[in-house]
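What follows is a single structure, written as structure tokens, with notes after it.
Since every read-out is calculated from the coordinates, none of them should be taken as a lab result. Fair warning: this is a prediction, and the values are worked out from it, not measured in the lab. Counting neighbours? That spans all protein chains shown, and the Cβs are built from the backbone with ideal geometry, glycine included.
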Amino acid sequence: MLLRIFAAVFLAELLGLGSGVTDTGPWLCQPAPRCGDQTYDPLEQCCDNDTILPLNAARLCVPNCIFYSCFQHCCLESQGSQHQTVVTFKVPGMKPDCRSSPISRICASVFSPTPL
């Protein structure tokens with residue numbers, strides 16, 4: 001009986017069962033995120049309109065107004081003859097919607113006079 005216990009402990013140590021669990025990384029049991037037909041690393045990249053971009057990718061919304069396309073999007077809002085460009089936050093898990101997304105900042109307002 002003692003020999004069986006010794007053999008079990010020996011095999012457990014030999015197989016590494018007695019040591020701590022080794023970190024195998026975040027991808028072991030999870031499918032890699034996809035962008036179109038390609039996979040990407042969400043710690044370094046994002047998927048924007050089926051294009052893989054680095055997390056710090058910046059675009060021009062209007063002159064003098066940049067936005068980070070992994071986290072924000074550019075919206076043109078109109079109220080009568082007044083037009084303004086607004087940068088809104090992207091809400092994870094939801095499609096971009098200029099009306100319901102939280103506003104990050106207002107970039108520019110343009111007044112368009114109505115013809116007489």
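Near residue 46, the amide H atoms lying under 5 Å from its own belong to 53, 55; only residues 5 or more places off or on other chains count, and H is placed 1.01 Å from N. Under 5 Å from the amide H of residue 108 lie the amide H atoms of 85, each residue being 5 or more positions distant or on a separate chain, with H modelled from the backbone and absent for Pro and chain starts. Net charge of the neighbourhood of residue 40, taken over other residues with C-beta under 13 Å away and scored Lys/Arg +1, Asp/Glu -1, is -4.
The string of couplings for region 29-44 from the Karplus curve (6.51, -1.76, 1.60, θ = phi - 60°) is 10, 10, x, 5, x, 10, 10, x, 9, 10, 8, 8, 9, x, 7, 10 Hz, one whole number per residue in order, with x for Gly and Pro. Karplus-based coupling profile of region 65-77, in residue order and whole Hz: 8, 9, 9, 9, 5, 6, 10, 9, 9, 9, 10, 9, 10, with θ = phi - 60° in 6.51 cos²θ - 1.76 cosθ + 1.60 and x standing for Gly or Pro. How much net charge surrounds residue 50 when only other residues with a Cβ under 13 Å from its Cβ are counted (Lys, Arg +1; Asp, Glu -1)? Combined, the nearby Lys, Arg, Asp and Glu give -1. Residues whose amide H falls under 5 Å from that of residue 61, counting only those 5 or more places apart or on a different chain, are 66, 67, with hydrogens built in the peptide plane. Three semi-axes describe the equivalent ellipsoid of region 46-108; taken as square roots of 5 times the Cα gyration tensor eigenvalues and ordered largest first, they are 21, 14, 9 Å.
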